[in-house]
Amino acid sequence: MRIGILGGTFDPIHKGHLRLATAARRKLRLDRIIFIPANIAPHKKNRELLPASERYRMARLAIKGKPYFGISDYEIKKGGISYSVDTLKAFRKKTGKKAKLFFLTGSDSLSQLKAWKDFDKIAQLAEFVVAARPGHSIKRINGVHIIRVPTLDVSSTYIRERIKKGLSVKKFLTTGVYGYINKKGFYKCTQPLLNKEGLRCKKV
């Protein structure tokens, strides 16, 4: 078995995540890709996130009907800050030597890799794969494989900001995730303020 692991806060999960996973599966000939929503991401521990349970539900909705995709709540059940090295150790223990693991991430994480907890051990536990957009030059790092994938130029931050401003995000999300966000009213301004920098949301 060749298994891809794609972690993230997924706040919210969007089509860019799915396109990255789909392209990586084809290029790396993966049998399955597991999405793992973080409980608390180390680099985002000071930012307020949607509850992990809600981000997990959105991820499940996003991959519904896609047989090559799966999801794990390992990091959520583990609690605390989610470190990739701990997750990979757990998956390696579960799969043993019978599976080859591929840890997938976007090129926006490349500059931060050396700051990750036990990065060298991560590279020993799994093939570390960075997905980059075609035509974009990125610095190579030892132990990191780079693949070119036609990713969607969108981020979760961009989606949250558009929702706060009352702008459409429908084209960036699967139908299930889009409907769930609308139903729950996630990311909307409760007290919008207009200043010289544009529309902002007052914290309540």
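Values quoted throughout were computed directly from the atomic coordinates according to the rules given, and no laboratory measurement underlies them. Every value quoted in this text rests on a predicted model; they were computed, and no experiment measured them. Note that we place each Cβ from the backbone using ideal geometry, even for glycine, and neighbour counts take in every protein chain shown.
Less than 5 angstrom separates the built amide H of Arg2 from those of Asp31, Arg32, Lys100, all sequence-distant by 5 or more or on a different chain. Between Lys77 and Lys27, what length comes free when the chain is fully extended (0.36 nm per residue of separation minus the Cα-Cα distance, one decimal in nm)? Net length gain for the segment: 14.9 nm.
Per residue, the average separation of C-alpha pairs within less than 8 Å and at least 6 apart gives the stretch 7-70 a relative contact order of 47 percent. In the distance distribution for the stretch 28-110, Cα-Cα pairs more than 15 Å apart total 64 percent. Taking 20 Å as the limit for the C-alpha separation, the pairs Lys66/Lys183; Lys64/Lys188; Lys66/Lys98; Lys64/Lys165; Lys77/Lys97; Lys27/Lys100 exceed it in the case of Lys66/Lys183; Lys64/Lys188; Lys66/Lys98; Lys64/Lys165; Lys77/Lys97.
Derived scalar couplings between HN and Hα for the stretch 86-91 equal 5, 5, 5, 4, 5, 5 Hz in order, rounded to whole Hz, by the Karplus curve 6.51 cos²θ - 1.76 cosθ + 1.60 (θ = phi - 60°), x for Gly and Pro. Between Lys98 and Ile146, the distance separating the two model label sites (each 7 Å from Cα on the Cα→Cβ line) works out to 3.7 nm.
Couplings for the stretch 67-84, taken from phi via the Karplus curve 6.51 cos²θ - 1.76 cosθ + 1.60 with θ = phi - 60°, read x, 8, 9, x, 9, 10, 9, 3, 5, 5, 5, 5, x, x, 6, 8, 9, 4 Hz in order; Gly and Pro are left as x.
With K and R counted +1 and D and E -1, the other residues having a Cβ less than 11 Å from that of Asp73 yield a net charge of +4.
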